[in-house]
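Read through the structure below, which is laid out as structure tokens, and then see the notes.
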Amino acid sequence: MSTATLTTPAAQAEGITTPIQWRDPIVTTAMTALTFIMALLSSGSSRVSFAGATSWFDMGNYTIPAMMTGLILGVIALACTAIVWKKALARQEASGWLVGIVGIAFVVTFLLWTVAGKDTSMLPVVSLLAGGLMFATPLVFGSMSGIVCERSGIINIAIEGQLLFGAFMATIFASASGSVWMGLVGAPIAGALVSVLLALFTIKYRADHIVVGVVLNMLVVGLTAFLFSTLLKNNPGLNQIMALPTWGIPVLKDIPVIGPVLFNQSVHIYLMFIVVIVLQFMIFNSRWGLRTRASGEHPKAADTVGIKVNRIRWQNVILAGALAGMGGAFFTIGQGLAFSKDMAAGNGFIALAAMILGRWNPRGALAAALLFGFATNLGAVMQVVGSPIPAQFLLMTPYLVTILAVAGFVGAVRAPAAEGKPYP
């Protein structure tokens, strides 16, 4: 993207030229314009349902004037866009909250426009948010896997295969033992087995990380398809439908809207949040985290102070595989489904995008994964409520959002300096 440059007197005196960053102004302007267009195209009222938002009282359904609400949101978005432009022209970094507010105004207006003037269509707020969180679960585990690997210097393109093999082994372990909890044991073991191959070829034999990751993905796809067609079809008892229980946290689960979305979920989702919190702390506040980051940024310096770089990388790659395998269990025991061919359906690559969008930070990757999960569920919900957008385009929603987010919002992110480079 081209940039224009302006200089202040002080900058001119020192010979410094600061470029104007056009990304945020252009993105917010486009979303604001679309917000006004959708608001003006909306006719009638939009029906919004808060069914299941809380058991304390009935929040009921609401009828909202679509055009008026959209125009109000458009004005708010316009004000935020003006601030973004002002900061950009002054060469100041705009707050991410401003872009976020514009994005929320755009999404809400889009949702209202979708159901506007349709007496038979209703926007289910709680299921939209809860479903988005559910679809984000494997993406979060996959992005955490990528962070643990790449922070130590190993590129993990094999997340897709680790997710798929985790889903397969979760079903095998749960069905063979008769306990769904054993599925949570088998899934990380499966992911770790794939990671052993990844570590062997990238660390020991110094092979190209991207090529190894792609080959491992193809290997797992072929292996699981073969075992599905032979082992599972001939032994249906090994592919039973089993689901992890849902645990509601007393009191918290009844907080309006937020409660059923965050505190009345599957055990798998609670594990996801625990993993993110633990990794956020460990990567930036522990000796292991310091050694991991040193191995990924400057392995020679790390080796000089006594850090066993390749040992750290081996440990992290296997841990990362276990995390991805745990995420793969979502596709089977997490959703209560039997295993089928290619269940990962590209989620491993979207998880990589979430890792990059989150700037190799667990907290940022969580936010990005939630965005992509919401986009996935949004496409499904829009088909149910009768969106005027063709179904084929709705199915493209999560992938389109992924491309736009990575291309438009990431900017000049910097991966770990020694990523993909063998040592010594």
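Across the stretch 63-110, which residue is surrounded by the fewest Cβ atoms within 10 Å (Cβ to Cβ) among those that are assigned to a helix (DSSP H, G or I) and polar (S, T, N, Q)?
69
So residue 357 passes all but one of these: (1) farther than 22 Å from residue 243 by Cα; (2) open to solvent by 60 Å² or more (accessible area, probe 1.4 Å); (3) hydrophobic (A, V, I, L, M, F, W, C). Which condition number does it fail?
The single condition residue 357 does not satisfy is (2).
Write out, first by first residue and then by second, each pair whose Cβ atoms fall under 9 Å of each other, whose residues are 6+ apart or on separate chains, and whose first residue, in the stretch 17-44, is part of a strand (DSSP E or B) while the second is basic (Lys, Arg).
18/91; 19/91
Out of the residues in the stretch 383-402 that are crowded, with 17+ Cβ neighbours inside 10 Å and of a type outside the set (A, V, I, L, M, F, W, C), which is nearest to residue 96 (Cα to Cα)?
This residue is 402.
Quickly run through the stretch 40-86 and pick out the residues that are of a type in the set (Val, Ile, Thr) and closer than 19 Å to residue 386 by Cα.
Hits for the stretch 40-86 are 48, 63, 64.
Considering only residues of the stretch 120-142 that are open to solvent by 20 Å² or more (accessible area, probe 1.4 Å) and out of contact with any Ser or Thr (no Cβ under 9 Å at 6 or more places or on another chain), which is farthest from residue 43 (Cα to Cα)?
Filtering first and then ranking leaves 130.
Given the conditions (1) assigned to a helix (DSSP H, G or I); (2) open to solvent by less than 60 Å² (accessible area, probe 1.4 Å); (3) within 30 Å of residue 61 (Cα to Cα), and given that residue 253 satisfies all but one, which numbered condition is not satisfied?
Status for residue 253: all satisfied but (2).
Just the residues that are at pLDDT 75 or above and part of a helix (DSSP H, G or I), please, taken from the stretch 383-396.
Within the stretch 383-396, 383, 384, 393 meet the criteria.
Of everything in the stretch 232-248, what is crowded, with 16+ Cβ neighbours inside 10 Å and in a loop (DSSP other than H, G, I, E, B)? Give them in sequence order.
Selection gives 239, 240, 242, 243, 244.
Within the stretch 301-322, can one find any residue that is polar (S, T, N, Q), modelled with pLDDT under 95 and more than 26 Å from residue 152 (Cα to Cα)?
The answer is no; no qualifying residue exists.
Just for the stretch 292-304: of the residues that are open to solvent by 90 Å² or more (accessible area, probe 1.4 Å) and part of a helix (DSSP H, G or I), which one is farthest from residue 415 (Cα to Cα)?
Only one residue tops the list, namely 304.
For the structure I just gave you, tell me whether residue 52 is touching a helix residue (DSSP H, G or I) at 6+ places or on another chain (Cβ under 7 Å) and either open to solvent by 50 Å² or more (accessible area, probe 1.4 Å) or at pLDDT 90 or above (or both).
yes
Given the criteria charged (D, E, K, R) and crowded, with 24+ Cβ neighbours inside 10 Å, does residue 151 qualify?
It is true that residue 151 is charged (D, E, K, R) and crowded, with 24+ Cβ neighbours inside 10 Å.
Counting only residues that are outside any helix (DSSP H, G or I) and touching a helix residue (DSSP H, G or I) at 6+ places or on another chain (Cβ under 7 Å), how many does the stretch 187-230 have?
1
All but one of (1) surrounded by 14 or more Cβ atoms within 10 Å (Cβ to Cβ); (2) at pLDDT below 95; (3) of a type in the set (A, V, I, L, M); (4) more than 23 Å from the chain's Cα centre (by Cα) hold for residue 267; state the number of the condition that does not hold.
(4)
Scanning for something open to solvent by less than 30 Å² (accessible area, probe 1.4 Å) and modelled with pLDDT under 75, does the stretch 364-382 turn up at least one residue?
no
The values are calculated or read from the model by the stated rules, or taken from the named source; none is laboratory data. This structure is a prediction, so every number in the text was calculated from the model and none was measured. Glycine also receives a Cβ, built like all others from the backbone with ideal geometry; neighbour counts cover every protein chain displayed. Quick note on the areas: whole protein, heavy atoms, side chains included, nothing else; ligands and nucleic acids left out. Shrake-Rupley method; radii C 1.70, N 1.55, O 1.52, S 1.80 Å.
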